[in-house]
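Report on the following structure.
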Amino acid sequence: LLVAGNSGQLKCPAGLTCPAQVASRLVHWAGRDAADIDGLGTDIIVKLVEQGVTKPSHLYMLIVEDFIEIGRTREFGEKMVAAIWTSRNLGMRRAIIGLAVPHVGTGTAKRLCQHFESVDMAFVADESELQGIKDIGPIVAKSITKWYIEGGMDQLDALFVEGVVLDRLPADAPRETT
């Protein structure tokens, strides 16, 4: 670990490839506000990271034997594969939350769903269009576009390939007023 700047914060020199950061992002993805994968906690994720699972899309490639390899029972592996399979239908809002884009929280994810029909549409929007959305300023808009350019596009493509639903769900669509 290195001391970062004048803040005194400790940072891993490996950056985004730091195993602890990778595990933390996967725990966030699996969490209740995002994919909501019941039973997939920190201890299991740390072991999966040690086996090469580094991105949310990798979770959707897991098979029962992967859980047996990390010391879990076949029954547990079957339960986890089923829970992961079920989580594929998370939709746009929960996917945005789970991707842990810097400066993008639950409220911003909800506002993006009100404005765009899919994750792809939200992330390919330019900064000026994003800033036209209520409560999204230049810092958040820049963070969204930067995340997409610096590897986010690949993450979204990989999730799509694994059958993860990234479109806006009806519950997240704008409500029509009469």
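Taking (1) in contact (Cβ under 8 Å) with a residue 24 or more places away in the chain; (2) under 19 Å from GLY31 (Cα atoms); (3) open to solvent by 40 Å² or more (accessible area, probe 1.4 Å) in turn, GLN114 satisfies each apart from (2).
Can you confirm whether the stretch 133-147 contains a residue that is modelled with pLDDT under 95, under 20 Å from LEU169 (Cα atoms), open to solvent by 10 Å² or more (accessible area, probe 1.4 Å) and not aliphatic (A, V, I, L, M)? No, the stretch 133-147 has no match at all.
Listed here are the residues, each with its yes/no results for (1) open to solvent by less than 20 Å² (accessible area, probe 1.4 Å); (2) modelled with pLDDT of 95 or more; (3) polar (S, T, N, Q).
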| position | (1), (2), (3) |
| --- | --- |
| ALA82 | no, yes, no |
| ARG93 | no, yes, no |
| GLY105 | no, no, no |
| THR108 | yes, yes, yes |
| ILE149 | no, no, no |
| GLU162 | no, yes, no |
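Residues in the stretch 120-132 that are of a type outside the set (D, E, K, R) and open to solvent by 60 Å² or more (accessible area, probe 1.4 Å): MET121, VAL124, SER128, GLN131, GLY132.
The values are calculated or read from the model by the stated rules, or taken from the named source; none is laboratory data. For clarity, every value in this text was computed on a predicted model and none was experimentally measured. Cβ atoms come from the backbone with ideal geometry, glycine included; neighbour counts cover every protein chain shown. Ligands, DNA and RNA are excluded from the accessible area calculation, which covers all protein heavy atoms including side chains. Shrake-Rupley method; radii C 1.70, N 1.55, O 1.52, S 1.80 Å.
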